[in-house]
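The next block holds one structure in the form of structure tokens; read it before the comments.
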Amino acid sequence: MSTLCDSLLPKDLKLRLKATDHHDALEEILSPLRSDVRVRDWEELRETLLANSPKEPFREVAGTMFLHHCRSESVNELVLATGRSSAGIVMPGRKERIHLVIVAAIPEALNNEYLRILGAISRICSDPATMKELLNCENSAEFLSILEKGCRS
């Protein structure tokens, strides 16, 4: 699973989101990708993710986490970005607030890799102990270390 662990760069990990609603959280999480060399067309990526409905059941991985993903030619390789909110983010159609939002985008040509990555994220975040660690870690290095540990197990 090194692709998953290598694709979330420290610059794309926001452990203190200011946003309190889904749209603003997505904008805040996507912002660092604007100048990322892995992103061919930031506006297209943004529009694709915003157009996707947050109510699709596959996106709900765990009670406090939301996986927002797409296949898009706006990226030239797997791109991950993550935001965490201690106050929680209001999501349409959800009763509880979301505390961790993961954005994943991958080119259409990497269909098999896409499914493998989404499965890995789901497996890692479905483990209550790992999820608790991700929600409570102090810094980006610790978050990435927890994710790496989840990739190996």
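Which is the longest stretch in the chain that no exposed loop site breaks, taking sites as trypsin sites (Lys or Arg not before Pro) with a DSSP loop state and at most 13 other Cβ atoms within 10 Å? Could the numbers behind the result be given before it?
Numbers: sites that count: 16, 18, 55, 95.
After excluding every exposed loop site, the longest remaining stretch is 96-153.
Need one number: the % of Cα-Cα pairs in the chain sitting beyond the 29 Å mark. Of all Cα-Cα pairs in the chain, 7 percent lie more than 29 Å apart. Calculated mean residue ellipticity, 222 nm, the chain: -12500 deg cm²/dmol, from DSSP H runs (n ≥ 4) at -39500 (n - 2.57) each, averaged per residue and rounded to 500.
Residues in the range 42-48 carry Karplus couplings, in order, of 4, 4, 5, 4, 4, 5, 4 Hz; the curve used is 6.51 cos²θ - 1.76 cosθ + 1.60 with θ = phi - 60°, and Gly or Pro positions show x. Since only 65, 119, 22 are under comparison, the one whose Cα sits farthest along the positive direction of the charge dipole of the range 2-152, derived from C-beta charges on Lys, Arg, Asp and Glu, is 65.
The lysine pair count for the chain, using Cα distances under 21 Å and pairs eight or more places apart or on different chains, is 8.
Read-outs throughout are calculated quantities, based only on the coordinates presented, and are distinct from any laboratory measurement. What you see is a predicted model, and the numbers here were worked out from it, not measured in a lab. Note that we place each Cβ from the backbone using ideal geometry, even for glycine, and neighbour counts take in every protein chain shown.
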